[in-house]
Amino acid sequence: MTKPRDQLVKTQTPDGTAAEAWRLLCDLVLDNERRRQVSDAVGLSFGRLRVLRRVAARSMPIGELAASVGVDPPNMTSVVDDLESLGLVRRQPHPTDRRAKLVVPTPRGQQLAKQANAVMSTPPTGLAELGGGDLAALVRILRSVASAEPAAPGPPY
């Protein structure tokens with residue numbers, strides 16, 4: 001017999017601690033000032049930068065790229081057009097599918113993605129100030145949580 005969804009949630013988090021932890025993580029990652037900082041540092045909107053970082057991590061067709069960031073392929077075509085006009089990506093024939101084009105980073109695009117990754121990888125002050133034991137425990141916990149979720153291709157944000 002299966003339990004109703006609300007009973008499952010109550011069984012898993014009787015005091016709401018998991019929900020609070022998730023809200024705090026979302027606030028820290030998604031609402032962090034870091035998005036503005038990285039956009040200012042490289043001169044691209046965060047959305048375009050997210051696409052560039054994915055392509056820099058692994059060249060892929062537009063359809064796959066669109067799915068990896070959760071947008072429709074026609075919208076992704078527009079984003080790729082913009083990045084291409086800036087000299088950050090280029091389209092090239094797919095090696096095994098004559099109908100498709102791969103989006104690949106240019107050297108300038110790779111460099112901008114590397115610069116963005118450096119900004120994004122700098123931990124917030126509060127995290128950097130944690131002691132070694134706390135950081136090790138946090139990494140262990142986050143790895144455990146992440147391993148239970150399906151992996152998305154490329155950088156998460």
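Points worth noting:
- Cβ-based net charge around Lys114, under 12 Å, with every Lys or Arg adding one and every Asp or Glu removing one: +2
- GluC sites (Glu not before Pro) restricted to region 33-142 and DSSP loop, no more than 12 other C-beta within 10 Å: Glu33, Glu129
- Orientation-averaged projected area, Cα convex hull of region 33-147 (nm²): 8.8
- Among the trypsin sites (Lys or Arg not before Pro) in region 76-157, those located in a DSSP loop and surrounded by at most 12 other Cβ atoms within 10 Å of their own Cβ are Arg98, Arg99.
- Over region 46-103, Cα pairs under 8 Å with separation of 6+ residues give a relative contact order of 35 percent.
- Distance in nm between pseudo-label sites at Asp72 and Leu130 (7 Å out along the Cβ direction from Cα): 4.0
Quick note: the coordinates plus some simple rules give every number you see, no bench work behind them. All figures in this text were calculated on a predicted structure; none of them were measured in a lab. Glycine also receives a Cβ, built like all others from the backbone with ideal geometry; neighbour counts cover every protein chain displayed.
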